[in-house]
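Single-structure report; data block below.
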Amino acid sequence: MAKIEILIPAMGEGITEATITQFLKKVGDFVEEEDSIMEIATDKVDSEIPAPQSGTIVKFLFNEGDTPQVGDVVAILATAGEDTETEKIEESAKLEEAKPQIETSLKPVPSDSVAPQISNKTESGTFISPLVRTIAVAENITTDELNQIQGSGEAGRITKKDILEYLENKKSQAGKLISAEPIATPISSGSSVAVTAHKSYEGENVEIIEMDRMRKLIAQYMLNSKQVSPHVTSFIDVDVTGLVHWRNKVKDEFLKKENQKLTFTPIFVEAVTSALKDYPMVNVSVDGDRIIRKKYINIGMATALPSGNLIVPVIKATDELNLIGITTKVNDLAGRARNNKLQPDEIKGSTFTITNLGAFGSTTGTPIINQPEVAILAVGAIKKKPAVIETPHGDTIGIRHIMVLSLSYDHRVVDGALGGMFLKRIAENLENFDTKRTI
């Protein structure tokens, strides 16, 4: 018999903890190697922890909603070589599972003067820490009231500061939970945004939908980005007729030869990568008064999920990949993103992001920068349009495949000249695409 410790794995630079969102197995269960034991979530991505070996789960060291650190032991798995040993392990596991119930049954029943027990989660599933619950009990704050507090912590968690501010508001407003005036809701950057509580929907035929964890995070990131970076957006029309004809000509052969579907996205990634080499001051981030220039190019690609949320998997070192390599990475990351199979380090470290508005029929838009980057490119739908064609014999009108590129950039470090030249270079890379290129 051997006991195996199951740890919170390293999940990429900057990630130090993860919240246990759900146990997929229980104490006493036998699991096969690679079976998923629990789901965990960071501020970037949800993932699962698999069993490193086959065995029986003896103990969980944390509860659902707890946030252990990377490297912490979260469960004990026992492997057994003999049936008698297995029985002992399973019996021990059952006792371990029953232990909390036994301990609870031995506690004295609270008197009527004690405040009711506060759940460790809100109605939307957000974890409520023991400290917040203690304050709630002491101040006679009900679970219904906790559900109305907008948390400023990770994944919308209610912090000590949030509940104390709520208490102060409650006293100053004579018990009114919702003010008709805008109230300041803290966000992670330390600044705030005005949120107006609408009373007009009371009694109306409406449906109230709570944001899920990922939507709350996306909302917070978008607010942070607009507050951190002064956004400017430039636009350019691009004639991609030659590129469209080339792709239509080679896509079947590409699929047969490389077993990969050739979309426009890898071509856009290649064009942007080349432009970043020519204009490296767009491949930067800002740290106070310092500009951090990256000597590597990692392209993030915004990907819509079936849930309606958004995630940005990252293609690492695109400047070291050819079109086949980029295509393989794009298809793999996009597929696993839609099936919630990405690893945490696969959504970190991007230096520039592309978002494809054309996938939904939009011709253009003004994207929000993916912090801490300083620019983001939105790619519009490719449309057939009449256009002026310049020839040595004069101008003519023809039907061309036209798309609009829009570049949002951080005006703290990217001025109009740099932003305009960079955007024009991307357009030139697409318009001058080598249509004689072989695969």
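The values are calculated or read from the model by the stated rules, or taken from the named source; none is laboratory data. A quick note: this is a predicted structure, and the numbers were derived from the prediction, not measured. We place every Cβ from the backbone using ideal geometry, glycine too, and count neighbours over all the protein chains shown.
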Exercise. For residues in region 242-259 being touching an Asp or Glu at 6+ places or on another chain (Cβ under 9 Å) and of a type outside the set (Phe, Trp, Tyr), which is nearest to VAL388 (Cα to Cα)?
Worked result: GLY242
Problem set entry | Residue in region 169-180 that is closer than 23 Å to MET214 by Cα and either modelled with pLDDT under 75 or assigned by TED's automatic domain parsing to the domain that holds GLU17 (or both) present | no
Problem set entry | Hits in region 34-53 (condition: modelled with pLDDT under 85 and in a loop (DSSP other than H, G, I, E, B)) | GLU34, THR42, ASP43, LYS44, VAL45
Exercise. If we keep just the residues of region 10-28 that are loosely packed, with under 15 Cβ neighbours inside 10 Å and touching a strand residue (DSSP E or B) at 6+ places or on another chain (Cβ under 9 Å), which is farthest from PRO372 (Cα to Cα)?
Worked result: LYS26
Exercise. Quick check: is even one residue across region 238-259 part of a helix (DSSP H, G or I), of a type in the set (A, V, I, L, M, F, W, C), surrounded by fewer than 17 Cβ atoms within 10 Å (Cβ to Cβ) and under 20 Å from the mean Cα position of the chain (by Cα)?
Worked result: no
Problem set entry | Residue under evaluation VAL58, criteria (1) assigned by TED's automatic domain parsing to the domain that holds ARG213; (2) of a type in the set (A, V, I, L, M); (3) at pLDDT 75 or above; (4) surrounded by 13 or more Cβ atoms within 10 Å (Cβ to Cβ), criterion not met | (1)
Exercise. Only one residue in ALA417, ALA381 is assigned to a loop (DSSP other than H, G, I, E, B) and at pLDDT 95 or above. Which one?
Worked result: ALA381
Seminar exercise, completed: Here the qualifying pairs (Cβ atoms under 9 Å; residues six or more apart or on different chains; first in region 197-210 and surrounded by 10 or more Cβ atoms within 10 Å (Cβ to Cβ) and among the small types (Gly, Ala, Ser); second at pLDDT below 80 and outside any loop (DSSP other than H, G, I, E, B)) come out as ALA197/ILE183
Exercise. Is there a residue being under 21 Å from the mean Cα position of the chain (by Cα) and either closer than 21 Å to ASP434 by Cβ or not in a strand (DSSP E or B) (or both) anywhere in region 266-281?
Worked result: yes
For this session: Kindly establish whether ILE399 is of a type in the set (A, V, I, L, M, F, W, C), closer than 23 Å to GLY242 by Cβ and touching a residue at least 12 places away in the same chain (Cβ under 8 Å).
Result: yes
Problem set entry | Filter result for the condition that a residue is of a type in the set (Gly, Ala, Ser), touching a Ser or Thr at 6+ places or on another chain (Cβ under 9 Å) and assigned by TED's automatic domain parsing to the domain that holds VAL244, over ALA317, ALA275, ALA334 | ALA334
Problem set entry | Residue that is nearest to ASN169 (Cα to Cα) [pool: residues in region 112-140 that are among the small types (Gly, Ala, Ser) and modelled with pLDDT under 70] | ALA115
For this session: Please state which one of ALA10, ALA75 is among the aliphatic types (A, V, I, L, M) and either assigned to a loop (DSSP other than H, G, I, E, B) or closer than 20 Å to THR126 by Cα (or both).
Result: ALA10
For this session: Please verify whether region 332-350 includes one or more residues that are in contact with a Lys or Arg (Cβ under 9 Å, 6 or more places away or on another chain), at pLDDT 95 or above and among the β-branched types (Val, Ile, Thr).
Result: no
Problem set entry | Among the residues listed as ILE426, ILE369, the single one being buried (at least 17 other Cβ atoms within 10 Å of the Cβ), aliphatic (A, V, I, L, M) and assigned to a helix (DSSP H, G or I) | ILE426
For this session: Show the residue pairs that are 6+ apart or on different chains and have beta-carbon atoms under 8 Å apart, the first residue being within region 418-439 and among the acidic types (Asp, Glu), the second being assigned to a loop (DSSP other than H, G, I, E, B).
Result: GLU431/VAL240
